[in-house]
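Peer 1: First the structure, which I've put down as structure tokens, then a few questions once you've had a look.
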Amino acid sequence: MKGTLRLIIVLFVVCGLAAGSLAFVNAATKDRIAEFARTEKAEAMKRVFEEAQEFPEIAAGKVWEARQGGEVVGHVLAVSTQGYSGPIEGLVGLDLGKNVTGVRVLVQTETPGLGAKITGEKFLAQYRGVKAEEIALKRDDPAGRIDAITAATISSRALTAAVRKTIDAYQKGDLQ
């Protein structure tokens, strides 16, 4: 009994020290991590809409105007979906003619070497210049213009469907 009580006390102390250490590290790094995420999102906005210089937010966390020289030249929309291994979050740029200017993935936990290829330039470049009604995998829709990644159809389909759904919701006014 005495040995069991001692073991419980030692385990409690070790767990308390571990929890305290983790809490300290979290408190010390959360601002840096948040700033990094903001910087990464700002850089991604510039990549999905290269002509724009500023991106004022018009719908909290969902829609940003893309402006060049003070003039609105399009919008950047937040995209979110469930992929094969977990959530996928990204951005899509849409010009005033309703053509996609670019797509970027910010967060994904897809299988390395397979589904994670949705972040590659080769896959993402397929979206540029495509109209909303053409955003579908070629294997799923004859009007589709997007080729799926071999052995990563679920990830390809998830991102493609999310981009199309987000653009459709924006055009219907559901994101404002």
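Peer 1: Over the stretch 114-160, average the accessible area per residue using a 1.4 Å probe and give it in Å², no decimals.
Peer 2: 50 Å²
Peer 1: Turning to a different aspect of this structure: What is the dipole size for the chain, taken about its Cα centre, with +1 at each Lys and Arg Cβ and -1 at each Asp and Glu Cβ, in debye to the nearest 20?
Peer 2: 700 debye
Peer 1: Okay, next question. Go through 72, 120, 101 and say which Cα lies farthest out towards the positive end of the charge dipole of the stretch 63-124; charges sit on Cβ, +1 for Lys and Arg, -1 for Asp and Glu.
Peer 2: Toward the positive end, the furthest listed residue is 120.
Peer 1: So for 175, 77, 96, what's the accessible-area order with a 1.4 Å probe, most first? Before the final figure, lay out the partial values.
Peer 2: Details: 175 30, 77 0, 96 105 Å².
The ranking, largest first, comes out as 96, 175, 77.
Peer 1: Using the Cα gyration tensor of the stretch 23-176, with a ≥ b ≥ c the square roots of its eigenvalues, what is the shape: rounded (a/c below 1.5), prolate (a/b larger than b/c) or oblate (neither)?
Peer 2: Oblate is the answer for the stretch 23-176, as a/c is 1.5 or above yet b/c matches or exceeds a/b.
Peer 1: Right, something else. Could you let me know the centre-to-centre spacing of the stretch 29-59 and the stretch 102-171, using Cα atoms, in angstrom?
Peer 2: About 21 Å separates the Cα centre of the stretch 29-59 from the one of the stretch 102-171.
Peer 1: Return the lysines within reach of residue 172: Cα separation strictly under 19 angstrom, same-chain partners fewer than 8 residues apart disregarded; answer none if there are no such residues.
Peer 2: 62, 98, 131
Peer 1: Where does helix 153-171 land angle-wise versus the long Cα axis of the chain, in degrees 0 to 90, nearest 10?
Peer 2: 60 degrees
Peer 1: Here's something else I'd like to know. Can you give the calculated 222 nm mean residue ellipticity of the chain, where each DSSP H run of n ≥ 4 adds -39,500 (n - 2.57) and the sum is split over every residue, rounded to the nearest 500 deg cm²/dmol?
Peer 2: So the helix-based figure for the chain works out to -14000 deg cm²/dmol.
Peer 1: What shape does the stretch 47-89 take by its C-alpha gyration tensor, where a ≥ b ≥ c are the square roots of the eigenvalues and a/c under 1.5 counts as rounded, a/b above b/c as prolate, and the rest as oblate?
Peer 2: In terms of gyration-tensor shape, prolate.
The values are calculated or read from the model by the stated rules, or taken from the named source; none is laboratory data. Note that the structure is a prediction, hence the values are computed from the model and not measured. With ideal geometry, Cβ positions are generated from the backbone for all residues, glycine too; neighbour counts draw on all protein chains shown. Ligands, DNA and RNA are excluded from the accessible area calculation, which covers all protein heavy atoms including side chains. Shrake-Rupley method; radii C 1.70, N 1.55, O 1.52, S 1.80 Å.
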